[in-house]
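Presented below is the structure to which this report refers.
The values are calculated or read from the model by the stated rules, or taken from the named source; none is laboratory data. A quick note: this is a predicted structure, and the numbers were derived from the prediction, not measured. When we count neighbours, we look across all protein chains shown, and the Cβ atoms used for this are built from the backbone with ideal geometry, even at glycine.
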Amino acid sequence: MFSSQSRFNLAFAAALIEGRIRPHFQPIVSLADQSITGFEVLARWFDEDQGSISPSVFVEYADRGGMLDDLLDLLMREAFKAAQQWPGHITLAFNVSPTQLRDCNLATRLHDAAIELGFSPSNVNIEITEASMLEDASLSTINKMRSLGCAISLDDFGTGYSSLTWLRTLPFSTVKIDTSFVRAMTGQKESRKIVTAVVGLGQSLGFSVIAEGVETTEQQELLTRIGCSSAQGHLFGRAVPAAEVLPMLAAAQPAPQGAHSRTRMSRDNLTYQASSLYQSSEILVLFVDNDLNIVNTGAGLYRFSEADPMRFKGHHISALPPAFAILIEELRAMDGVDENATASRVVTSHANERYSIIAQVVLDEMKDPIGYSIFGCPIETSTAPERRLYAVDR
Ligand code: C2E
Ligand code: CA
Ligand code: CA
């Protein structure tokens, strides 16, 4: 596109001075209520002859010509100035190349520009790619930016080296899952599992996850079910000039929330809650896979079977009284897969206690059945009204 690096340098320098390169702002939204939490600042070059030139064309040239610092300075100043009109909670994310990160003055330049133009450094997000982490010099710049209050995001996660060690050792506050995963996720189980795992890691290690390139409501719904906190993509808005940000903010009023979504539990909390059920000596909990093999059992199976619950793991459900297998046959006989469908029975334990057991299908994020949950509790220890209820049932 450009005949030589020196021609590019001249054209780029002129465009910067003449104001033909401007920041555009792409919204980043919270998936919980679709409110805009911030914007990624993306460079746009408008050329009289060539029209709008994409950063994917010019960033590499500008990097080779050592001109990305001039670009970043311009984008930062214009963005911070524009943000003076915006609500104070709005964050701004800037892309920084691995070359730029080698310069340890970058952190102070960024911090000073924010302070001078009244933008809080803690609302600044620096997006870096995995390639940056291969160099020691970058690490000290990253740490300096952190100490000055800026947040660090790992951009395009999944396209580079994707070492999980980096997620653990580096001070990321956000991981941005690359478009390619988001695109593949609705059709490919493997991509879905990877996105789910990264979201789970984020909840355990304390970073937030932004899914990039979200274009369809199907992707949005799946990400919400997985527990991903934020998203960016054409579904929520393209990158717009500064003048269009306030109207965009006004149009994106948070969606009204039901009591249920406000109290949505994290995956970790759900896991803790489920594991407390598994530890109960009173409640019978079993998970069997689609082939009816027992994958997991809780401590409550001891009281029911008077045998070590671990003994049943990996065995077919027929190792338990026939009522268990019958329950699942009843569920399977129901039309289609309904996550709310249940089958229940009364079964007698090894010690002649009567148990009420109930089975339900377990679906993954794509509503594919992955097995069955069975819960049970001894009727004898239930309350008087429950006893009456079961007496009638029999
Ligand atoms: P990126 O950091 O991954 O930025 C996201 C890119 O995806 C942007 O392309 C954005 O317009 C595009 N995008 C956003 N939502 C969607 C979507 O739903 N579908 C599709 N198909 N694309 C979407 P853009 O603006 O062309 O930027 C390309 C890349 O150039 C950026 O990728 C970033 O790596 C780089 N870049 C952009 N501005 C700057 C800058 O100021 N400095 C540096 N160093 N790099 C920049
Ligand atoms: Ca980016
Ligand atoms: Ca990206």
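Condition check ((1) in the same structural domain as V199 (by TED's automatic domain parsing); (2) among the acidic types (D, E); (3) at pLDDT below 95) across all residues:
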residue: D63; (1), (2), (3): yes, yes, no
residue: A83; (1), (2), (3): yes, no, no
residue: T91; (1), (2), (3): yes, no, no
residue: N105; (1), (2), (3): yes, no, yes
residue: A113; (1), (2), (3): yes, no, no
residue: L117; (1), (2), (3): yes, no, no
residue: N125; (1), (2), (3): yes, no, no
residue: S163; (1), (2), (3): yes, no, yes
note = Subset of the stretch 27-37, residues touching a Ser or Thr at 6+ places or on another chain (Cβ under 7 Å), more than 14 Å from N95 (Cβ to Cβ) and within 14 Å of ligand 1 (Cβ to nearest atom), comes to V29
key: Residue among Q232, Q219 that alone is farther than 30 Å from A113 by Cβ and within 16 Å of ligand 1 (Cβ to nearest atom)   = Q219
note = With the first residue restricted to the stretch 168-183 and required to be more than 23 Å from L92 (Cα to Cα), and the second required to be within 11 Å of ligand 3 (Cβ to nearest atom), Cβ contacts under 7 Å at 6 or more apart or on different chains are S180/G158; S180/T159; F181/G158; R183/G213
request  = Quickly run through the stretch 35-55 and pick out the residues that are within 16 Å of ligand 3 (Cβ to nearest atom) and either farther than 26 Å from V124 by Cα or among the hydrophobic types (A, V, I, L, M, F, W, C) (or both).
outcome  = F39, V41, L42, A43
inquiry  = Condition check: touching a Pro at 6+ places or on another chain (Cβ under 8 Å) and modelled with pLDDT of 95 or more. Does F12 satisfy that?
reply    = no
ask   = Give me the pairs: first residue in the stretch 1-22 and in contact (Cβ under 8 Å) with a residue 60 or more places away in the chain and over 12 Å from F46 (Cα atoms), second residue surrounded by 14 or more Cβ atoms within 10 Å (Cβ to Cβ) and of a type outside the set (S, T, Y), beta-carbon distance under 8 Å, and six or more apart or on different chains, which are they?
value = Q5/G65
inquiry  = Go through the stretch 272-317 and report how many residues are over 14 Å from V347 (Cβ atoms) and part of a helix (DSSP H, G or I).
reply    = 13
message = Against the conditions (1) modelled with pLDDT of 85 or more; (2) charged (D, E, K, R); (3) under 20 Å from the mean Cα position of the chain (by Cα), where does E282 fall short? Just the number, please.
response = (3)
Hits in the stretch 172-189 - residues which are small (G, A, S) and within 11 Å of ligand 1 (Cβ to nearest atom) = S180
request  = Within the stretch 346-365, track down each residue that is surrounded by fewer than 17 Cβ atoms within 10 Å (Cβ to Cβ) and either out of contact with any Lys or Arg (no Cβ under 7 Å at 6 or more places or on another chain) or under 20 Å from A274 (Cβ atoms) (or both).
outcome  = H350, A351, N352, E353, R354, I358, V362, L363, D364
